[in-house]
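Okay, structure first, notes after.
The values are calculated or read from the model by the stated rules, or taken from the named source; none is laboratory data. For clarity, every value in this text was computed on a predicted model and none was experimentally measured. We place every Cβ from the backbone using ideal geometry, glycine too, and count neighbours over all the protein chains shown. The protein model used for the area step is the full one, side chains on, heavy atoms only, and it has no ligands, DNA or RNA in it. Shrake-Rupley method; radii C 1.70, N 1.55, O 1.52, S 1.80 Å.
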Amino acid sequence: MNKIYFSLLLFLFSKAAFSQPVIDSTNLATPLQEVVISSFHINDSLMNAPASIAILSARQLQQNNNIDISQILNTVPGIFMQSGALNTNRFSIRGIGARTPYGTNKIRAFYGSIPLTSGDSETTIEDLNIENLSQAEIIKGPLSSVYGGGLGGAILLSPVNRSATGHTAGVSATHGSFGLVKTNFQYSGNFGSESLNINYHNIYADGWRQNSSYRREGVTLNGELFKTENSKLAYLFNHTYLKAFIPSSIDLTTFEKQPQNAAANWLAAKGFEQYDSFLGGLAYDFNLGKIRNSTSVFFNTRDSNEPRPFDILKQQTNGYGARTQFSADVNLGKMRTYFILGGEYFADGYDGQTFENRYQENDGNGSLQGNKLSDNSQERDFYNLFAQARFVLTPKFEVQTGVNVNQTSFKLENRSLESPSSETYSYDVIAAPQLSLLFKPSSEKTFYFSASRGFSLPAIEETLTENGTINSSIKPETGYNLEVGGKIYFLNRSLYAETSLFRMDVQDLLVAKRVGDDQYVGINTGKTRHQGIETSINYSKDIAKNLNLLVYVGAAIGKFEFVEFVDGDNDFSGNDLTGFPSQTLNAQIQLRYNKLYVSADFRSVDGYPINDANTVSTDSYSILNLKSGYRTKIGKNLTAAADVGINNVTNTGYASMVLVNATAFGQAAPRFYYPGLPVNYYGTISLAYDIERSRNKI
């Protein structure tokens, strides 16, 4: 694989000098501009969307160290992305997904037009290169009429796609504490009716904890072909290789006194995860005036190996699918009307085997594969049919409505039994409607109300019994969401404020019940209620000649609780929801003078329960990050930049992730805690070389 990457680099050198296209924060000026949102929506701008949607630009995504996306996503009110390590994350929205043992589910994610969420409901966004993202769009709440299964919401990630004529090439290098090194190469070229973007990145870190070294490299190719005024064919391909050692969670005593230590059994086994993943797709867009269509086909595949103290897990997943979406805008009398109609089909195949891990017999050399313990496969397929309509009744008032219909079925083969078994099962058809009202008294004020239903499909382990057979009693988790909100510009558009109040009632709560060292089964039990208020403020002000001030504040206050939850002999009804804080606050301030900027980011997180009984909770914590940088133009086409930063300036000890409902085995204490990084430093140097060419030149 390294030879392939080396060939790509030679190709880039043949085009131009390298550089990562520098995000120049000095060219931002007041007033604040209205944000254009993804073409997935029936709306064209944030002000016309009756929903809580957060937009993170490329500049915002790169405001930290260009490596850890969790710190950036956590600036959005209502978002809580826990990060036990660069490869161990849990992303939750308004408490949805907070109780997932490992990883992320209950949201849908897209990279361009390609789903990142697999057929088993798992989502991995941390593998994508931050420096190759032009925008992240986070939809909070179940807008299932377009996105399908995703009770918490959806996240749309857009790859860099240069549209202007000419060529850009670049390089950036980041060095940081604990052996952190990242290199990034990118080339973008536009050739009239075709465009090409190539990005390669390589990350290595020793890690600050025992058994936590990390290596990731990846390449992304995307662009457009046969582009005309009314049509284009977009393509996207991404490959990621990862090998990350796993220190795992630790108990309270170790967390407080020796947080750099790994869990003893993971250290002895030298446990890690390693995989190659590929995803790709084609999307054809055409415009016939009032009718437009976008149709895409896509695939993903992943081959992983994870030696763990209790076994060695090997998994292979392969998925493919297609999505088509028609949109139109017509006049019904004097009423402007917009429609979306489409469908999506996704098929996913999973093969998983576990083997004995005989690391204790391997003379301290780590994991050693033994006999096979289990062998299962699952095939899952689903379709979503969706429709959405927007009726502009008057210039100030409009109604939006939509529905999504989902059908999911799967087949399980258990090849580890003496008599191999095969079973099939289907969920009932789920209908998820949505109704929204929007009042826009002026171009600078929007108020909305929305009511919607969402659903989340069980993950693979939740569909199985303890014996590995299909759990026919399990069913998708559903919820009803009510939300009111407002979006307003003030002070000649120098200040933008957004507030939303929401309440979601979730039924058939999916609970992952631990039945072994790393074995979980799913049960539907009880109800939860998620309610709160979220507010964000953006302010931009020129306070003197060449001196600009940017301020951002985001806050969320909520009440997340079990309404009904009985687990065996335990009644947790009325307890706070596990794994999600009731209060968070984020504040950022940046000063820019000519080519120099300095910024500070502050984050405060309230303590939250980490077991369903609410007998164990994390402590509240606050984190301060600082960053400064300088950008300059060298000649006509070359831009250079240097940035330095300090994260966790006060060296605060805190849990950056928890294992909810951790279980004690034998005499050992339960291992709830993943410690966050202590004070750490980084620096980045980047160059950008831009050659603009006229449209009539090649």
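Give me the lysines in straight-line cross-link reach of LYS182: C-alpha distance below 23 Å, same-chain residues under 8 apart excluded. Correct list for LYS182: LYS3, LYS15, LYS243, LYS627.
Let me check against my output: what whole-number percent is the relative contact order of the range 283-395, with C-alpha pairs under 8 Å and at least 6 apart?
On the way: 261 pairs, mean separation 27.1, N = 113.
Contact order relative to length: 24 percent.
Counting protein heavy atoms only, the chain has 56 percent of its accessible area on carbon and sulfur, 1.4 angstrom probe. Karplus-derived 3J(HN,Hα) values for the range 268-284, using 6.51 cos²θ - 1.76 cosθ + 1.60 with θ = phi - 60°, are 5, 7, 6, x, 7, 10, 9, 7, 10, 10, 10, 8, x, x, 10, 9, 10 Hz; glycine and proline are entered as x.
In the full protein context, the range 517-656 carries 46 Å² of accessible surface per residue, based on a 1.4 Å probe and ignoring ligands, DNA and RNA.
Here LYS545 is the anchor, and the aspartates and glutamates within straight C-alpha reach of less than 20 Å, apart from those fewer than 8 places off in the same chain, are ASP24. Between the listed residues ALA51, PHE178, SER494, the Cα displaced farthest toward the positive end of the dipole of the chain, a dipole computed from Cβ unit charges relative to the Cα centre, is found at SER494. Note on the range 361-473: dipole from Cβ charges, positive end direction compared against GLY364, LEU457, ILE470; the farthest Cα belongs to LEU457. Between LYS396 and GLN258, the C-beta separation translates, for a Förster distance of 56 Å, into a calculated FRET efficiency of about 0.35. Accessible surface for the range 41-80, divided over its residues, is 18 Å² per residue with a 1.4 Å probe.
Restriction of the chymotrypsin sites (Phe, Trp or Tyr not before Pro) in the range 164-262 to DSSP coil positions whose beta-carbon has at most 11 other beta-carbons within 10 angstrom yields PHE226. Points 7 angstrom from Cα along the Cβ direction at ASN287 and ASP567: gap in nanometres? Inter-label distance under the simple model: 5.2 nm. Distance between the pseudo-spin-label points of TYR593 and LYS559 (7 Å out from Cα toward the beta carbon): 4.9 nm. Applying a threshold of 19 Å to the alpha-carbon distances of LYS396/LYS487; LYS440/LYS559; LYS595/LYS633; LYS106/LYS527 flags LYS440/LYS559 as lying beyond it.
Packing here is the average count of other Cβ atoms within 10 Å per residue, and on that basis the peptides 491-497, 651-657, 544-550, highest first, run 651-657, 491-497, 544-550. Simple rule: put +1 on each Lys or Arg Cβ and -1 on each Asp or Glu Cβ in the range 374-433, find the dipole, and look at SER374, ALA432, LEU393; the Cα lying farthest toward the positive end is LEU393.
Would you mind classifying the chain by shape? Square roots of the alpha carbon gyration tensor eigenvalues, ordered a ≥ b ≥ c; an a/c under 1.5 is rounded, otherwise it is prolate if a/b is larger than b/c and oblate if not. It is rounded, given that a/c, with a ≥ b ≥ c, falls under 1.5.
Taking a ≥ b ≥ c as the square roots of the Cα gyration tensor eigenvalues, with a/c under 1.5 meaning rounded and otherwise prolate when a/b beats b/c, else oblate, which class fits the range 131-217? Spell out each step's value before the answer.
Values: a/c = 3.39, a/b = 1.09, b/c = 3.12.
Oblate.
Report summary: the helix-based calculation at 222 nm, which adds -39500 (n - 2.57) for every DSSP H run with n ≥ 4 and divides by the residues of the chain, gives -1500 deg cm²/dmol. About its Cα centre, the range 542-698 has a charge dipole of approximately 1760 debye under the convention of +1 per Lys or Arg Cβ and -1 per Asp or Glu Cβ, with nothing else charged. For the chain, a simple Cβ point-charge model (Lys and Arg +1, Asp and Glu -1, everything else neutral) yields a dipole of about 2920 debye relative to the Cα centre. The trypsin sites (Lys or Arg not before Pro) of the range 608-698 that DSSP puts in a loop, and whose beta carbon has at most 16 other beta carbons within 10 Å, are LYS636, ARG693, ARG695, LYS697. For the peptides 568-579, 477-488, the ranking by packing is 477-488, 568-579, with the highest mean count of neighbouring Cβ atoms within 10 Å listed first. Ordering 151-157, 552-558 by mean Cβ neighbour count within 10 Å, with the highest value first, yields 151-157, 552-558.
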